[in-house]
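Values in this text are rule-based calculations from the coordinates and carry no lab data. This structure is a prediction, so every number in the text was calculated from the model and none was measured. Positions of Cβ are backbone-derived with ideal geometry, glycine not excepted, and every protein chain shown enters the neighbour counts.
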Amino acid sequence: SYSLATANSRGVATVKIVVRPGENFALDFDVPPTKSFSRYFCQLRDASGRVLEQVSVTAEQANKTVELFVSGGIMHAGMYSVVIAGDPNQSGQFREENQLAQLGFEVSITN
């Protein structure tokens, strides 16, 4: 498990994650505190912005550290980010205009 607590909210990588090829791991992070959303989306994105994983959490779950499990093999060495957005109308869809944070990190693959 790797914490993104020190990740820059602008998506600049400050956290370095080193994994073996195909290794599963988890990312731990906090949703920025806000009372205006009852649900949040957390997306794992590669450097091109492609969504690799997405989880939805309730406001109650967002009061605790969120853990996003990453399946081994979907990531390669490079820059990634977790993008967090609120869902104000419970539309069930991620909307960029509701983005609250972007937590950048770098993945290295080692043998």
Contact order relative to length for the chain, counting C-alpha pairs under 8 Å separated by 6 or more residues, stands in percent at 39 percent
For the chain, using Cα atoms only, the Rg and Dmax in Å read 13.5, 45
Residue span Asn89 to Lys64: 0.36 nm per residue of separation minus Cα-Cα distance leaves a gain in nm of 6.8 nm
With label points set 7 Å from each Cα along the Cα-to-Cβ direction at Ala5 and Asn111, the distance between them in nm comes to 3.5 nm
Going residue by residue through the stretch 56-71, the Karplus relation 6.51 cos²θ - 1.76 cosθ + 1.60 with θ = phi - 60° gives ³J(HN,Hα) values, rounded to whole Hz and with x marking Gly or Pro, of 10, 10, 7, 4, 5, 5, 6, 6, 10, 5, 8, 10, 10, 7, 10, 6
Once phi for every residue in the stretch 82-96 is put through the Karplus expression 6.51 cos²θ - 1.76 cosθ + 1.60 (θ = phi - 60°), the whole-Hz ³J(HN,Hα) values, with Gly and Pro written as x, are 9, 10, 10, 9, x, 10, x, 9, 6, 6, x, 10, 5, 10, 4
Non-local residues with an amide H under 5 Å from the amide H of Val31, with H modelled 1.01 Å from N and Pro and chain starts lacking one, are Val66
Once Ala26 and His76 are pulled to full extension, the length gained, defined as 0.36 nm per residue separation minus their Cα-Cα distance, is 16.5 nm
